[in-house]
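To start, the structure itself, in structure tokens.
The values are calculated or read from the model by the stated rules, or taken from the named source; none is laboratory data. Worth saying up front: this structure is predicted, and the values here are computed from it rather than measured. Positions of Cβ are generated from backbone atoms using ideal geometry, with glycine treated the same way; all protein chains shown enter the neighbour counts.
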Ligand code: UDP
């Protein structure tokens, strides 16, 4: 009879419904499958087509199954079809989407009862998931999809409540019990942390913090050499195991193969001569801010690729901008092939909102950043990039604002763009980030730190199965 320890592991992944969460989860599921685990992703119909190309790759021995769930949007007054956070266009809609996701517990219960996997890897925005898993003796691992640095900062601030001792939102305070002396202001914390307001997000955030202590451990999309002090500090802070298995997108061989006209345009440019400007899949700037970016970019005199999610142009571009920028700049509307763009040798800098995926992609491509955080944990990532790693320059955003971001003036944009593209300081940052890029690539090779942690995780999961006596179908 096959022993429990040797039987194939079956792991369920339950990502949050957003591009920035889905992509690393797919890569994580593929990685588990490539190591011999059965991998199943629980998601909405919207992401099923996104996933299907990976499922077709059965002949390569990597198979991922999908189980569908439906976000009960009608229960919170959202229109049907809002099945990814990026479809929400206002802060109110976004909050309702999160509320609807909070009602997915009964569906998860049914799925786990039916399939009885060995482990559930759940997103942090489902803080009730560990309790559902526990009902069936299934250990839950949280997958945050952000840096160790941000996780430590968030936990330290929340546990010590230092932010409640300052007199104003703009008064700096040191992040308590932290490996480095890092100052931050309350303005850069999410509004519901700044002042607990009893809102849905305030409650969600509190239960997210509490659920970390109930999990079997935490998976982190990072690599040890990037933030060693924080990779060591986080498990102690939490009293839980943590495994770093990233950068996950580096496992995705397909990501270099996308053909796009902008890559041909980049082929005509000198090395490090173009700045890439993009703010991820969720942030959404108003026309006034877009006008300011256009003017700042033009004043910097740098060549650029700028990704804008809006379709219509007239209202937010300065008069004659496109004609004047014909050779110098490209505006891409909608979705851009970000990874191949960043990896192109012509790219010399990246103006980013510091979403963790974008930050990691920039690091792995050896591209220094202009940091322009908007919301989520992006202000912490900015600190990591500018103060710890010293591979970026702040544009000067001072306030956390859901979706729309703090207003940044054209002069600040021009200054930061020029600094990241030209001069000795830029060269030093470029050489530091290129060193990190090499370390990132080594971390996922045989014997590398992320591979060793992944092996340790598999050993831990097998032991947990024996302890729990769970049975996979
Ligand atoms: N992305 C992309 N093209 C775009 C915008 C975003 O490929 O036009 C990808 C980007 O490479 C990254 C992800 O979408 O992998 C965005 O995740 P991130 O954590 O940076 O930000 P979020 O969208 O979650 O705010």
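For region 298-313, does any single residue satisfy the condition of being more than 23 Å from residue 427 (Cα to Cα), within 16 Å of the ligand (Cβ to nearest atom) and not in a loop (DSSP other than H, G, I, E, B)? Step through it out loud before you land on a result.
The initial filter retains those residues of region 298-313 that are more than 23 Å from residue 427 (Cα to Cα), namely 307-313.
Still in the running and within 16 Å of the ligand (Cβ to nearest atom): 307-311.
Still in the running and not in a loop (DSSP other than H, G, I, E, B): 307-308.
Checking region 298-313: at least one residue is more than 23 Å from residue 427 (Cα to Cα), within 16 Å of the ligand (Cβ to nearest atom) and not in a loop (DSSP other than H, G, I, E, B).
Scanning region 316-363 for residues that are away from the ligand (no atom under 12 Å from the Cβ) and in a loop (DSSP other than H, G, I, E, B) turns up 317, 318, 319, 320, 325, 326, 327, 328, 344, 345, 346.
Is it the case that some residue within region 373-384 is without any contact (Cβ under 8 Å) to a residue 24 or more places away in the chain, closer than 22 Å to residue 190 by Cβ and more than 10 Å from the ligand (Cβ to nearest atom)? Checked region 373-384: no residue is without any contact (Cβ under 8 Å) to a residue 24 or more places away in the chain, closer than 22 Å to residue 190 by Cβ and more than 10 Å from the ligand (Cβ to nearest atom). Within region 84-98, residues that are within 20 Å of residue 23 (Cβ to Cβ) sit with their Cβ atoms under 6 Å from residues that are at pLDDT below 80 and in a helix (DSSP H, G or I), at 6+ positions apart or across chains, in these pairs: 97/85.
When you look at residue 97, is it within 16 Å of the ligand (Cβ to nearest atom), assigned to a loop (DSSP other than H, G, I, E, B) and either modelled with pLDDT of 80 or more or more than 18 Å from the chain's Cα centre (by Cα) (or both), yes or no? I'd like the intermediate steps shown before the answer.
On the way: within 16 Å of the ligand (Cβ to nearest atom): yes; assigned to a loop (DSSP other than H, G, I, E, B): no; either modelled with pLDDT of 80 or more or more than 18 Å from the chain's Cα centre (by Cα) (or both): yes.
Spelling it out, it is not the case that residue 97 is within 16 Å of the ligand (Cβ to nearest atom), assigned to a loop (DSSP other than H, G, I, E, B) and either modelled with pLDDT of 80 or more or more than 18 Å from the chain's Cα centre (by Cα) (or both).
Looking at residue 426, is it touching a helix residue (DSSP H, G or I) at 6+ places or on another chain (Cβ under 8 Å), surrounded by fewer than 19 Cβ atoms within 10 Å (Cβ to Cβ) and either over 17 Å from residue 189 (Cα atoms) or touching a residue at least 40 places away in the same chain (Cβ under 8 Å) (or both)? Yes; evaluated as a whole, the condition is true for this residue. The residues of region 175-197 that are free of Cβ contacts under 8 Å to residues at least 24 places away in the same chain and not in a helix (DSSP H, G or I), listed by number, are 175, 176, 181, 183, 195, 196, 197. Applying the set (1) farther than 27 Å from residue 287 by Cα; (2) in a helix (DSSP H, G or I); (3) within 18 Å of the chain's Cα centre (by Cα) to residue 380 leaves exactly one unmet item: (1).
Of all the numbered requirements in (1) closer than 30 Å to residue 241 by Cβ; (2) not in a strand (DSSP E or B), residue 122 misses one, and that requirement is (2). For residue 396, the conditions (1) more than 22 Å from residue 251 (Cβ to Cβ); (2) more than 11 Å from the ligand (Cβ to nearest atom); (3) touching a residue at least 24 places away in the same chain (Cβ under 8 Å) all hold with the exception of (3).
With respect to the conditions (1) more than 16 Å from the ligand (Cβ to nearest atom); (2) without any contact (Cβ under 8 Å) to a residue 40 or more places away in the chain; (3) under 30 Å from residue 16 (Cβ atoms); (4) in a helix (DSSP H, G or I), residue 445 lacks only one, and its number is (4).
A single entry from 242, 261 fulfils the requirement of being in contact with a strand residue (DSSP E or B) (Cβ under 6 Å, 6 or more places away or on another chain) and under 24 Å from residue 23 (Cβ atoms): 242.
Each residue in region 127-174 was checked for being touching a strand residue (DSSP E or B) at 6+ places or on another chain (Cβ under 7 Å), in a loop (DSSP other than H, G, I, E, B) and buried (at least 23 other Cβ atoms within 10 Å of the Cβ), and 2 pass.
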